[in-house]
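Pasting in a structure now, in structure tokens, and then I'll have a few things to ask.
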Amino acid sequence: MDALSLIKQTALALMNGQLRAAGDPHRPCWHLAPSVGLLNDPNGFIQHNGRYHLFYQWNPLACDHGRKCWGHWQSDDLLHWHHQPVALLPGDDFDSHGCYSGSAVVENDKITLVYTGNVKFTDGSRTAYQCLAQENASGEYDKLGPVLPLPAGYSGHVRDPKVWRHHQQWYMVLGARDLHDQGKVLLLRSDDLRSWQLQGEIAGSRLNGIGDFGYMWECPDLFRLADRELLICCPQGLAAEPERYLNVYQAGYLCGELDYATARFSHGEFHELDAGFEFYAPQTTLAEDGRRLLVAWMGVPEQDESYQPTVRYGWLHTMTCLRELTLHAGRLYQQPARELQQLRGAATRWQGPAAEAPQLEIDSAELLLRPHGPFSARFGDGMQLSWDGERLCLSRHNLRSGEPEQRYWRGELQQLQLLFDRSSVEIFINQGEAVMSSRYFPCRSPRLFLSGDAPLALQHWPLNAVMIE
């Protein structure tokens, strides 16, 4: 399908599908979701001249992973988002099978997008180009074409460029799969964004003492935080363990020091970024006020996506809430962006034995819990959270099989902050020490049911809706 035909079909999909999608009882009140079709990775997250831009992988024509475009939202406050013209459409020789994920930088006071052009051949093989597109006077983006072909020694799976400026030069990390089916992260350097030199592999399977660790590392993002370098990445192919690596694919980070001169990244062990059911492809940006902000796709590739009930309404997936990142003793903490507090309605406060707590509405709500012993919480008829004094367990029924499934966290529990939005819950543990992000699909107007003899204190706020315009 050429670009013009895709534009026509997208307009038709929006005209036919928006009312149906808006009528879904599981449609979020304040999370970002596609108007129609499928959303996945956040792309090009950046703040420029006080305004936030968030691009995203979008298939407007169906709830599947074909025809990947770049949608575009814009915001002045991280709360109220406005649709912008679609930034990238596939169809050129260098991105014929999709404008895949990437990032954004500011060059000459204009936003420049750096993305992967995906090309598939009739014999089943594929290749990838790293491409540029630049903002024009009308706020749209003109493709500048490829600036980097497939590097020698790697399969056609090289993608997801994240670019930043360091000491007057541009640097890029790329996710890659080598010819031995080992996942890698590549570091490249450029003077002008157009001509790139490969500096080496800075992380990946069988590197830096990690051992075998997956066949592909997607969505890398390298940034400095509290005098350390953090490399976020998404290894594919990790074997599940009893209480971690339980999703089909993982998202996590490495903390260490990058030597730009030698392209060596000395780092510690891999830590999962999220212990819930749905979290993938996170991307960060440095805000103008100095905060490092993160957003991720609240989904996982190939993880029962087509069984989500929103497909019946013609849309699929949401983003996570916006999060602020800090580093404490080498561990990454995530907390909801402070702007989200503006959505709070009137507060309810209560304390006493868990079983005597009021049944509070959680359709769109924030909840702060301070437990003083084991307890259990049921979210409508869709999900349950239990704490036994040593382990936190999040449970739901699998949408495909109907069988129970669980995710876990262990530690010393002091506080839980839960953000609910129709069909999602994000659970921030101990002020961001860990997070459990998940979709669930409860009955209408779900309520919180607490049980247990131990005392707890809670605060509850309804959260107001925010329209995407």
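Please work out which one of (1) in contact (Cβ under 8 Å) with a residue 24 or more places away in the chain; (2) surrounded by fewer than 18 Cβ atoms within 10 Å (Cβ to Cβ); (3) on the phi > 0 side of the Ramachandran plot; (4) of a type outside the set (Ser, Thr, Tyr) is the condition Gly214 fails and give its number.
Tallying (1) in contact (Cβ under 8 Å) with a residue 24 or more places away in the chain; (2) surrounded by fewer than 18 Cβ atoms within 10 Å (Cβ to Cβ); (3) on the phi > 0 side of the Ramachandran plot; (4) of a type outside the set (Ser, Thr, Tyr), Gly214 fails exactly one: (2).
With the requirement that a residue be among the small types (Gly, Ala, Ser) and under 21 Å from Gln130 (Cβ atoms), what does the stretch 44-93 give you?
Listed by number, the residues that qualify are Gly44, Gly71, Ala87, Gly91.
Please enumerate the residues belonging to the stretch 1-51 that are outside any helix (DSSP H, G or I), touching a strand residue (DSSP E or B) at 6+ places or on another chain (Cβ under 8 Å), more than 21 Å from Ser438 (Cα to Cα) and not hydrophobic (A, V, I, L, M, F, W, C).
Passing the criteria: Gly44, Gln47, His48, Arg51.
Another question, then. Please find, among Ala355, Ala329, the residue that is farther than 18 Å from Ser437 by Cα, of a type outside the set (Ser, Thr, Tyr), open to solvent by 10 Å² or more (accessible area, probe 1.4 Å) and modelled with pLDDT under 95. Please lay out each step first, then the result.
Numbers: Ala355 fails: modelled with pLDDT under 95.
None of the others qualify; the one that does is Ala329.
Looking at Ala465 and the list (1) out of contact with any His (no Cβ under 7 Å at 6 or more places or on another chain); (2) buried (at least 21 other Cβ atoms within 10 Å of the Cβ), which single condition is not satisfied?
If we test Ala465 against (1) out of contact with any His (no Cβ under 7 Å at 6 or more places or on another chain); (2) buried (at least 21 other Cβ atoms within 10 Å of the Cβ), just (2) comes out false.
I would also like to ask the following. For the stretch 60-67, indicate whether the set of residues that are surrounded by 23 or more Cβ atoms within 10 Å (Cβ to Cβ), in contact with a strand residue (DSSP E or B) (Cβ under 7 Å, 6 or more places away or on another chain) and under 22 Å from Gly314 (Cα atoms) is non-empty.
yes
Continuing with this model, one more query. Testing Tyr141 on (1) surrounded by fewer than 20 Cβ atoms within 10 Å (Cβ to Cβ); (2) within 19 Å of Ala87 (Cα to Cα); (3) out of contact with any Ser or Thr (no Cβ under 8 Å at 6 or more places or on another chain); (4) not β-branched (Val, Ile, Thr), one condition comes back false. Which one is that?
(1)
Now, a different point. Which of the following residues is on the phi > 0 side of the Ramachandran plot and either in contact with a helix residue (DSSP H, G or I) (Cβ under 7 Å, 6 or more places away or on another chain) or among the hydroxyl-bearing types (Ser, Thr, Tyr) (or both): Gly402, Gly373, Gly452, Gly432?
Matching residue, one of Gly402, Gly373, Gly452, Gly432: Gly452.
I'd like the full set of residues that are outside any strand (DSSP E or B) and open to solvent by 20 Å² or more (accessible area, probe 1.4 Å), limited to the stretch 332-352. Talk me through it step by step, then tell me what you get.
Here is the first cut: in the stretch 332-352, the ones outside any strand (DSSP E or B) are 337-343, 345-347.
Answer for the stretch 332-352, where residues must be outside any strand (DSSP E or B) and open to solvent by 20 Å² or more (accessible area, probe 1.4 Å): Arg338, Glu339, Leu340, Gln341, Gln342, Gly345, Ala346, Ala347.
For the stretch 382-400, name all the residues that are part of a loop (DSSP other than H, G, I, E, B) and over 26 Å from Val311 (Cα atoms).
If the condition is that a residue be part of a loop (DSSP other than H, G, I, E, B) and over 26 Å from Val311 (Cα atoms), then Asp388, Gly389, Glu390 are the ones that fit.
Could you check how many residues of the stretch 401-413 are surrounded by 13 or more Cβ atoms within 10 Å (Cβ to Cβ) and not in a strand (DSSP E or B)?
1
Determine whether Leu456 is over 25 Å from the mean Cα position of the chain (by Cα) and surrounded by 15 or more Cβ atoms within 10 Å (Cβ to Cβ).
Here the answer is yes, as Leu456 does meet what is asked.
Restricting attention to the stretch 226-279, and to residues there that are assigned to a loop (DSSP other than H, G, I, E, B) and hydroxyl-bearing (Ser, Thr, Tyr), which single residue is farthest from Asp41 (Cα to Cα)?
Across the stretch 226-279, the extreme among qualifying residues is Thr262.
So, one more: Applying the selection to the stretch 39-65, what residues are of a type in the set (Gly, Ala, Ser) and in contact with a Leu (Cβ under 9 Å, 6 or more places away or on another chain)?
Gly44, Ala62
In the stretch 201-220, which residues are within 11 Å of Phe270 (Cβ to Cβ), assigned to a loop (DSSP other than H, G, I, E, B) and not small (Gly, Ala, Ser)?
Within the stretch 201-220, Asn208, Ile210, Phe213 qualify.
Going residue by residue through the stretch 281-293, is there one that turns out to be in a strand (DSSP E or B), hydroxyl-bearing (Ser, Thr, Tyr) and in contact (Cβ under 8 Å) with a residue 60 or more places away in the chain?
yes
Related question: Find all pairs meeting these conditions: Cβ atoms under 6 angstrom apart; at least six residues apart or on different chains; first residue within the stretch 301-313 and more than 17 Å from Ala281 (Cα to Cα); second residue open to solvent by 20 Å² or more (accessible area, probe 1.4 Å) and not in a loop (DSSP other than H, G, I, E, B).
So the pair list comes out as Tyr313/Arg20.
The values are calculated or read from the model by the stated rules, or taken from the named source; none is laboratory data. This structure is a prediction, so every number in the text was calculated from the model and none was measured. Because the Cβ atoms are built from the backbone with ideal geometry, glycine has one as well, and the counts that use them run over all protein chains shown. Surface accessibility is based on the protein's heavy atoms, side chains included, excluding ligands, DNA and RNA. Shrake-Rupley method; radii C 1.70, N 1.55, O 1.52, S 1.80 Å.
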